[in-house]
């Protein structure tokens, strides 16, 4: 039996299909575990230390060249929430009157996830995670403005410039220019009580656990928010109140994008699966098309009408 | 055949695509639809000039509106009839279904085309779309990337080519100088057809599942009755049966409107395809909910439970009725049931993106009401689609009909174009039936 080139190609396709299917089935059995870059930078925000002075809000706008958001009273820089003018904000949680509990500030900005949702969502890597520092940043020349990052982000961080013609995605980029110049981010630099501090993520994580061990029971559930949430984040939180109340959603450690999209990743790997589906379909179609063609040509001979495919 | 009432009638067989003749294209309804369509295009200019914030009800809390969630994620399901029907016809050799291929391909093309328009209007930095061609910027695991690549490719390449034969055919009859080109093109089309058609079935499977995968990344922001790792599978599967139901409903609507004969055997074939798709889908969906431990949520989530059961019943009950020949044989009940299936299926595709999508913001759920402009543009694209469909079926041999109707149409066209000869490719004269002269 001689092997023609066509046979070889066919066998190759079959083997490819088998490999892709096998890979898809076996590979997805193991859950991927995201790991931060070795030199991942981070921030540790301790809500119990924050005095709510909003120096960081002003410093952030200043350092990033953002227009002050004075839209509320045309006088004070007092944004309601993160928006296209605001990459960083201090919010206050106040318990309802009569209910017990303590008030708490919270600083919101991009969490710089270890496995970022926005980066997984972005079709053209307009949002990218730096391989060294782990900073997630946006580049204007790749973004098509589909706003999928906004939909995907569980922390509601990327904000969109709704009124502009040349609309941008605005989010904290960890003052990457300052980092490159060897400085720390503007917000950690100005913070008077050092409620938010800058450092390597692993160092900050140790520091957070040291604080918890020093004051057992002071922090909510003796837990660092961002250590494990959705695969971990590079911005870490300590707070005395429930993180839910501060707008930090409850996310399980496995709820990260490479876990949600692991089928997608397998199926699209080297396009093996789509190509094999295509190959199989062509094989079937060619045979059936020949029969169909014969049939319509027969019809054409009988009636004289143009054969309709 | 359930022939108890039709014993005295001849059994209709659809043999050819025949244009709807003797009916003007520009009617009152057509003018109304065209007006709605044009108004929308004026609003598109407004949106481009004044920005998305001014034109839509979108906000940072709810970034996707009906252009994406309805026009693209929901309506393209209506245009997905061509791949299940095509696979059944070409691969599972259900030869009868070839009769409706032209209609379903036309619907697919128009729906996808207007869907692409909707994406183009929605995307805010369209000048960066050239990134589709820069390989090193591809993020292949992003479902959005898959949608952005697959949908235009599908619409503008295989779907477009599959829709050319009716145009070439009509060109051959009505534009004699172009005949040489047609005769030259037809063998090329025939030679490449299997490759194009296979692509036309691979691509929709990919991007319809990617549309489901879009919502996957929103994690628990989508209510657990809808959010599941199986969402891509359920989405593409739903697209398949919605597409088949849409095809049945639109063919029936055309037949009833223009009083054309209905081939019951083909309708039965389509309905059996529909049932084969729907019942396993329902089983998989319910099973998935039970396996994920969300069984009680089906009854305890208030309005969302109601929504869930509305979807399920709108899909299940009509499909259940259609098992009986009594409901299939009557064009009206068949149409009604298919219509309900389409509505239920559309609800299933729409709900996880909007109604069951609850972005979490400090205990407050962000909500969204589409603005008038958004609705006008969305409607305009739907009307564009319908207008183009009406023009196409009245000018091109698309809707299936018995052979006799072809000869009728020929003698009709002879009144206006005496030189016309509606038979094909050169040697037809000797085969002309005598009674047509």
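The values are calculated or read from the model by the stated rules, or taken from the named source; none is laboratory data. The shown structure was predicted, so the numbers you read here are calculated from the model rather than taken from an experiment. When we count neighbours, we look across all protein chains shown, and the Cβ atoms used for this are built from the backbone with ideal geometry, even at glycine.
Quick notes on this structure:
- Qualifying residue in the stretch A:34-51 (condition: outside any loop (DSSP other than H, G, I, E, B), surrounded by 13 or more Cβ atoms within 10 Å (Cβ to Cβ), more than 24 Å from the chain's Cα centre (by Cα) and modelled with pLDDT of 70 or more): no
- Test: residue in the stretch B:394-412 that is within 19 Å of residue B:75 (Cα to Cα), more than 14 Å from chain A (Cβ to nearest Cβ) and either at pLDDT 95 or above or within 23 Å of the chain's Cα centre (by Cα) (or both): no
- Of the residues making up the stretch A:159-170, those that are within 7 Å of chain B (Cβ to nearest Cβ), within 30 Å of residue A:199 (Cβ to Cβ) and assigned to a loop (DSSP other than H, G, I, E, B) number 0.
- Candidates B:189, B:167, B:205 - the one that is surrounded by 18 or more Cβ atoms within 10 Å (Cβ to Cβ) and either closer than 20 Å to residue B:110 by Cα or modelled with pLDDT under 95 (or both): B:205
- Within the stretch A:73-102, the set of residues being in contact (Cβ under 8 Å) with a residue 60 or more places away in the chain and more than 18 Å from residue A:62 (Cβ to Cβ) comprises A:91, A:93, A:101, A:102.
- Verdict on residue B:136 being in contact (Cβ under 8 Å) with a residue 24 or more places away in the chain and closer than 30 Å to residue A:144 by Cβ: no
- Residue that is surrounded by the most Cβ atoms within 10 Å (Cβ to Cβ) [pool: residues in the stretch B:139-148 that are facing chain A (nearest Cβ under 7 Å) and closer than 11 Å to residue A:148 by Cβ]: B:142
- Residue match in the stretch B:237-249 (condition: within 11 Å of chain A (Cβ to nearest Cβ) and either in a helix (DSSP H, G or I) or farther than 30 Å from residue B:321 by Cα (or both)): no
- Taken over the stretch B:139-190, the criterion of being under 21 Å from residue B:82 (Cβ atoms) and assigned to a loop (DSSP other than H, G, I, E, B) is satisfied by B:163 alone.
- Matching option when the condition is in contact with a helix residue (DSSP H, G or I) (Cβ under 6 Å, 6 or more places away or on another chain) and crowded, with 24+ Cβ neighbours inside 10 Å, among B:107, B:91: B:107
- Residue within the stretch A:70-78 that is within 14 Å of chain B (Cβ to nearest Cβ), surrounded by fewer than 23 Cβ atoms within 10 Å (Cβ to Cβ) and out of contact with any strand residue (DSSP E or B) (no Cβ under 7 Å at 6 or more places or on another chain) present: yes
- Qualifying residue in the stretch A:137-158 (condition: part of a strand (DSSP E or B) and either facing chain B (nearest Cβ under 7 Å) or under 10 Å from the mean Cα position of the chain (by Cα) (or both)): no
- Residues that are assigned to a loop (DSSP other than H, G, I, E, B), in contact with a helix residue (DSSP H, G or I) (Cβ under 9 Å, 6 or more places away or on another chain) and more than 9 Å from chain B (Cβ to nearest Cβ) within the stretch A:117-136 comprise A:130, A:133, A:134, A:135, listed in sequence order.
- Check on residue B:240, over 15 Å from residue B:94 (Cβ atoms) and touching a residue at least 60 places away in the same chain (Cβ under 8 Å): no
- So residue A:208, is it within 25 Å of residue B:227 (Cα to Cα) and touching a strand residue (DSSP E or B) at 6+ places or on another chain (Cβ under 9 Å): no
- Here residue A:106 meets the list (1) buried (at least 17 other Cβ atoms within 10 Å of the Cβ); (2) away from chain B (no Cβ under 13 Å) almost entirely, failing just condition (2).
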